[in-house]
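**Student:** Take this structure, written in structure tokens, and hold onto it; I'll ask about it next.
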Amino acid sequence: MAQSTGQLAVIATPIGNLGDLSPRAAQMLQNADILACEDTRVTRKLLSLKGLRTSAKFIPYHDHNGKLMRPKLLAAMSAGNLVALVSDAGTPLVSDPGYKLVAACHDAGIDVITIPGPSAVLAALSAAGLPSNRFLFAGFVPSGQKAASTAFREFTTLPITTIWFESPRRLGSTLQLMYEEFGDRLAVVARELTKLHENFHRDSLKSLKNFYAKSVTPKGEIVILISGANERNDEFDKIKLTSMLREEMQANSLRDAVQTVTQVSGQPRKKIYSIAIDLNSEYKKKT
């Protein structure tokens, strides 16, 4: 159905669970004149699985054809058509080139509306148990060890949670690089979000990189979240700090152990020293 004035609707689609498609998004998909899709086959399958019927024209819009397709989509909207922009999964413009079309619409005076919904970034953050008052989505981890290490260094001093996308086959090597650049911070590997085997593996980067170095390659999309530098919170809980101190105190003095754990965890020295004193007293009782 053509609109009296053209419009672009940016529509979020499910990242796994089909039940996450909102009624408003479903209605907009049905009412659109044109569906600009990252992959038309994926969008057709979504509509079929949800039992949605549409007379819309399906047009591929992605990184490789964006420069060619933008003028055509702008012309269609200028002629009064409603264009719905969708990615294969999640919210468009998050790690895809859709923002160029949105920017072009604003420049041309064409209305842009958003139909919010699923996002792997926010889904992972909401259930990770890391500070969420401030966070940064850093996108996909660059391919190549040097490029990845360089990217990580940009964020090592930020006191905020950073969020990354990664492929399952590179997870082990990426966690190793993250450990080398970020140090042993609390982190979360989120996998298969909203799907049947959704999983959140929350531990120190050291433990995570050791675990995935030995395990079989996991399945599904991966989101990695890393706590910020020098976070003054309880993310390294007493059990984790106690374990770290016990390991350090086996080979070092109490003072050196406290200093090391303080630097690694970013927790107050007073808090760590108190735990170390308790451990030392416990050791003396045993001997």
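**Student:** Could you check, for segment 54-72, whether at least one of its residues is of a type in the set (Gly, Ala, Ser) and in a loop (DSSP other than H, G, I, E, B)?
**Tutor:** Checked segment 54-72: at least one residue is of a type in the set (Gly, Ala, Ser) and in a loop (DSSP other than H, G, I, E, B).
**Student:** Does segment 176-194 include one or more residues that are in the same structural domain as Arg134 (by TED's automatic domain parsing), acidic (Asp, Glu) and either free of Cβ contacts under 8 Å to residues at least 12 places away in the same chain or in contact with a Gly (Cβ under 9 Å, 6 or more places away or on another chain) (or both)?
**Tutor:** Yes, that holds for at least one residue.
**Student:** Of everything in segment 104-151 that's of a type in the set (D, E, K, R) and not in a loop (DSSP other than H, G, I, E, B), which residue is nearest to Ala9 (Cα to Cα)?
**Tutor:** Asp111
**Student:** Let me ask something else about it. Tally up the residues in segment 152-172 that are touching a Lys or Arg at 6+ places or on another chain (Cβ under 9 Å) and either more than 22 Å from Val94 (Cα to Cα) or among the basic types (Lys, Arg) (or both), please.
**Tutor:** Residues that pass the stated criteria total 2.
**Student:** Before we move on, is Ala147 surrounded by fewer than 18 Cβ atoms within 10 Å (Cβ to Cβ), more than 21 Å from Gln267 (Cα to Cα) and either touching a residue at least 12 places away in the same chain (Cβ under 8 Å) or charged (D, E, K, R) (or both)?
**Tutor:** no
**Student:** Restricting to segment 33-64, and then to whatever is over 25 Å from Pro23 (Cβ atoms) and surrounded by 13 or more Cβ atoms within 10 Å (Cβ to Cβ), can you tell me which residue is nearest to the chain's Cα centre (by Cα)?
**Tutor:** Step by step, filter segment 33-64, then rank; the result is His62.
**Student:** Under the condition of being over 23 Å from Thr156 (Cβ atoms) and not in a helix (DSSP H, G or I), which residue from segment 238-287 is modelled with the lowest pLDDT?
**Tutor:** Thr287
**Student:** Another question about this same structure. So, Gly80, is that one part of a loop (DSSP other than H, G, I, E, B), surrounded by 13 or more Cβ atoms within 10 Å (Cβ to Cβ), small (Gly, Ala, Ser) and at pLDDT below 95 or not?
**Tutor:** For Gly80, the condition - part of a loop (DSSP other than H, G, I, E, B), surrounded by 13 or more Cβ atoms within 10 Å (Cβ to Cβ), small (Gly, Ala, Ser) and at pLDDT below 95 - is not met.
**Student:** Out of all the residues in segment 153-201, which are under 22 Å from Thr242 (Cβ atoms) and at pLDDT 95 or above?
**Tutor:** Listed by number, the residues that qualify are Ala187, Val188, His201.
The values are calculated or read from the model by the stated rules, or taken from the named source; none is laboratory data. The shown structure was predicted, so the numbers you read here are calculated from the model rather than taken from an experiment. As a convention, Cβ positions derive from the backbone with ideal geometry for all residues, glycine included, and neighbour counts pool all protein chains shown.
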